[in-house]
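The values are calculated or read from the model by the stated rules, or taken from the named source; none is laboratory data. What you are looking at is a predicted structure, and each value in this text was computed from that prediction instead of being measured. Because the Cβ atoms are built from the backbone with ideal geometry, glycine has one as well, and the counts that use them run over all protein chains shown. Just the protein is used for accessible areas: all its heavy atoms, side chains included, with ligands, DNA and RNA removed. Shrake-Rupley method; radii C 1.70, N 1.55, O 1.52, S 1.80 Å.
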Amino acid sequence: MSAAITEDEAALYDRQIRLWGLEAQQKMRNATVLVIRLRGVATEAIKNIVLAGIGKLIVIDDTTVQPEDINAGFFFREEDIDTKKRVDAAKPHIQSLNPLVIVEVSHDLSVLTNEDTLLKLIQGVDLVCLTDTDQATAIRVNDAARKLGKKFYCAGSFGLSGYVFCDLLEHHHVAP
């Protein structure tokens, strides 16, 4: 079920609507994005999609904030180190970027190892973004997303190096 863009949203997203049109903004407004693991790459991706006006964001991470998270994630504070889970520390900061976006968090990364649970989770989203993971997990999550016809992004960083993999389900070549 899709919700129409309100007058307030039209005013908030005016520049975006002028850039890519009302229909594209409507699609974003009705989209649910799943982000698995909340580290540096995910922090930046979340900021961008929340400011752009997605409808719902689901973030899953089971790790407690560590000192290295402070440098890579602007959602974390010194007082969060060793006291809060990443998703719990980040949620109010994510929500403050755009109160119109529904933000849900979970600590249960076991969904990555149970195919039925993973499929059920992915079924309810439009796009899956997995960050900072190993190859076997990336393949397993991508296979589940592809099985359900969901777009999949996987990215991570290691100091000054990084990687990104996109499975957008279909690809069209454009030749000059």
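Of all the residues in the stretch 38-96, those that are under 30 Å from L22 (Cβ atoms) and charged (D, E, K, R) number 4.
Within the stretch 77-90, is even one residue among the acidic types (D, E), farther than 26 Å from G55 by Cβ and either in contact with a strand residue (DSSP E or B) (Cβ under 9 Å, 6 or more places away or on another chain) or assigned to a loop (DSSP other than H, G, I, E, B) (or both)? Before the answer, list the steps.
As a first pass, look at the stretch 77-90 and keep what is among the acidic types (D, E): 78-80, 82, 88.
The next check asks that each one be farther than 26 Å from G55 by Cβ; those that pass are 78-80, 82.
When the remaining residues are screened for being either in contact with a strand residue (DSSP E or B) (Cβ under 9 Å, 6 or more places away or on another chain) or assigned to a loop (DSSP other than H, G, I, E, B) (or both), the result is 80, 82.
Yes; the residues of the stretch 77-90 include at least one that is among the acidic types (D, E), farther than 26 Å from G55 by Cβ and either in contact with a strand residue (DSSP E or B) (Cβ under 9 Å, 6 or more places away or on another chain) or assigned to a loop (DSSP other than H, G, I, E, B) (or both).
Total residues in the stretch 52-76 satisfying the condition of being more than 17 Å from the chain's Cα centre (by Cα) and assigned to a helix (DSSP H, G or I): the figure is 5. The single condition among (1) in contact with a helix residue (DSSP H, G or I) (Cβ under 6 Å, 6 or more places away or on another chain); (2) closer than 20 Å to V164 by Cα that D132 does not satisfy is (1).
To keep it simple, each residue is scored yes or no on (1) more than 16 Å from the chain's Cα centre (by Cα); (2) outside any loop (DSSP other than H, G, I, E, B); (3) closer than 15 Å to A31 by Cα; (4) of a type in the set (V, I, T).
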| site | (1), (2), (3), (4) |
| --- | --- |
| E104 | no, yes, yes, no |
| S110 | yes, yes, no, no |
| T137 | yes, yes, no, yes |
| N142 | no, yes, no, no |
| A145 | no, yes, no, no |
| F152 | no, yes, yes, no |
| G156 | no, yes, no, no |
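Note on the stretch 1-51: among residues that are open to solvent by 60 Å² or more (accessible area, probe 1.4 Å) and in a loop (DSSP other than H, G, I, E, B), the one that is nearest to R77 (Cα to Cα) is R39. Screening D132 with (1) more than 14 Å from the chain's Cα centre (by Cα); (2) farther than 30 Å from Y13 by Cα; (3) open to solvent by less than 70 Å² (accessible area, probe 1.4 Å) gives one miss only, at (1). Of the residues making up the stretch 103-121, those that are among the β-branched types (V, I, T) and farther than 20 Å from R86 by Cα number 2.
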